[in-house]
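The values are calculated or read from the model by the stated rules, or taken from the named source; none is laboratory data. As the structure is a prediction and not an experimental result, all values here were calculated from the model. Neighbour counts are summed over all protein chains in view; Cβ atoms, including those assigned to glycine, are modelled from backbone coordinates with ideal geometry. Each accessible area value is taken on the protein alone, full model and side chains, heavy atoms only, with ligands, DNA and RNA left out. Shrake-Rupley method; radii C 1.70, N 1.55, O 1.52, S 1.80 Å.
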Amino acid sequence: RVFTAMAPGCSSLDPILSALALPPATTAEGLRAAQKDEFHGNEFSLLVSHALGALAGPQWVQKHREEVRAAARLAYGGLSTARLAQTPGEEYCDITCVDAATGQPLPLRRRWIAVLIGALTPYLALRLEARLVSAARSSESPLAA
């Protein structure tokens, strides 16, 4: 997965993009796009939390905080992917994600895989950490031996 700078005025679906040999995006552009997406993703997660808090109550939201955050991350990335568009961070930096080998925009399946990995990896890591800490604290822990 590689980011490339976009030609001015071209959308990620524009056939002109596939004919142009665009330079790779700089590390700074990729970082800036990721930071912008992180910021907007966190804002979206906060809005989802507030909405769920109004519907289900703040105790429920607090109890399911990590699940709500993972679902919001999935929705944030999924909304861009479902409409076959750049994420807001990519759009802000005028870059697009392409296949490193072909230079073509990523196929929809690969974009969805990236969204799933980005949304679920932090959640699964937190769940694994909680289980390891719990196992380490218990006397039956295989790690205590």
Using only the alpha carbons, work out the radius of gyration and Dmax of region 24-145 in angstrom. 18.1, 54
Do any GluC sites (Glu not before Pro) in region 64-145 lie in a DSSP loop with no more than 12 other beta carbon atoms within 10 Å, and if so, which? 140
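Restrict the search to region 76-145; then list the trypsin sites (Lys or Arg not before Pro) that DSSP places in a loop and that have at most 14 other Cβ atoms within 10 Å of their Cβ.
Details: sites: 83, 109, 110, 111, 127, 131, 137; in loops: 83.
Passing sites in region 76-145 are 83.
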One point scatterer per Cα, no solvent, Debye formula: log10 I(q)/I(0) for region 42-108 at q = 0.13 Å⁻¹ comes out as -0.49
Could you do me a favour and compute the accessible area per residue for region 14-123, 1.4 Å probe, result in Å²? 61 Å²
